[in-house]
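J.: Provided herewith is a single structure, encoded as C-alpha cells, for subsequent inquiry.
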C-alpha cells in the first residue's frame, strides 16, 4: 500500500513541490481545501504524514494540530515556517507537532520528509 500524505498548505509553490516530489516517490499526496475536509480525511483514513504550513491563515494550524492529535495520535505531523519564528515553533510543538522545520530545510529535505526519514539538520531551534 502506498504511503499517504495530507498537506494543509495553501502556498502554490509549496503545494507544487510537495506534489511533484511525492509523485516521484510513488507517494499519494492530497491537499484538502479547508480544515473541515482535512479532519474528515484524517478520520476516514489516517495518513502516514500530515504536513502543515504553520503560517496558513485558512487552516489555523495550531488549532488543527490539536484537533488531529485528539482524533488520532498515530498521525505523524511536520510543520514548516520561517526560521526566525521561534515562538511559533514552540507553540506548534506544544500543540502536538512532531517536527517543526524551517522552510528552507523543508524544501531541501522534502524527499526524506515525505518518505518518513529524519534528516538531522531539518530542525528549527
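J.: Which of the following residues is at pLDDT below 95 and surrounded by 17 or more Cβ atoms within 10 Å (Cβ to Cβ): 42, 5, 84, 9?
T.: Values: 5 fails: at pLDDT below 95; 84 fails: surrounded by 17 or more Cβ atoms within 10 Å (Cβ to Cβ); 9 fails: at pLDDT below 95.
The match here is 42.
J.: What are the residue pairs meeting all of these: first residue in the stretch 14-29, first residue loosely packed, with under 14 Cβ neighbours inside 10 Å, second residue part of a helix (DSSP H, G or I), Cβ atoms under 9 Å, and 6 or more apart or on different chains?
T.: 24/111
J.: So, in the stretch 107-117, of the ones that are assigned to a helix (DSSP H, G or I) and touching a strand residue (DSSP E or B) at 6+ places or on another chain (Cβ under 8 Å), which residue ends up farthest from residue 27 (Cα to Cα)?
T.: 113
J.: Moving on to the next point. Within the stretch 1-13, work out how many residues are touching a residue at least 24 places away in the same chain (Cβ under 8 Å) and over 20 Å from residue 58 (Cα atoms). Walk me through how you get there before you give the answer.
T.: Start the filter on the stretch 1-13 by keeping residues that are touching a residue at least 24 places away in the same chain (Cβ under 8 Å), which leaves 2-11.
From what is left, the residues that are over 20 Å from residue 58 (Cα atoms) are 2-4.
Going through the stretch 1-13 one residue at a time, the tally reaches 3.
J.: Looking at residue 104, is it part of a helix (DSSP H, G or I), under 27 Å from residue 26 (Cα atoms) and out of contact with any helix residue (DSSP H, G or I) (no Cβ under 7 Å at 6 or more places or on another chain)?
T.: Yes; evaluated as a whole, the condition is true for this residue.
J.: Going by the structure shown, is residue 71 in contact with a helix residue (DSSP H, G or I) (Cβ under 9 Å, 6 or more places away or on another chain), surrounded by fewer than 16 Cβ atoms within 10 Å (Cβ to Cβ) and modelled with pLDDT of 95 or more?
T.: So residue 71 fails the test.
J.: Right, next: Please go through the stretch 20-34 and give me each residue that is over 12 Å from residue 49 (Cβ atoms) and under 13 Å from the mean Cα position of the chain (by Cα), ordered by number.
T.: 31, 32 - these are the residues of the stretch 20-34 that are over 12 Å from residue 49 (Cβ atoms) and under 13 Å from the mean Cα position of the chain (by Cα).
J.: Give the residues of the stretch 87-125 that are modelled with pLDDT under 90, surrounded by fewer than 18 Cβ atoms within 10 Å (Cβ to Cβ) and more than 17 Å from residue 47 (Cα to Cα), sorted by residue number.
T.: 118, 119, 120, 121, 123, 125
The values are calculated or read from the model by the stated rules, or taken from the named source; none is laboratory data. Just so we're clear, the structure is a prediction, and the values are computed from it rather than from any experiment. Using ideal geometry, Cβ is built from the backbone for each residue, glycine included, and neighbour counts are taken over all protein chains shown.
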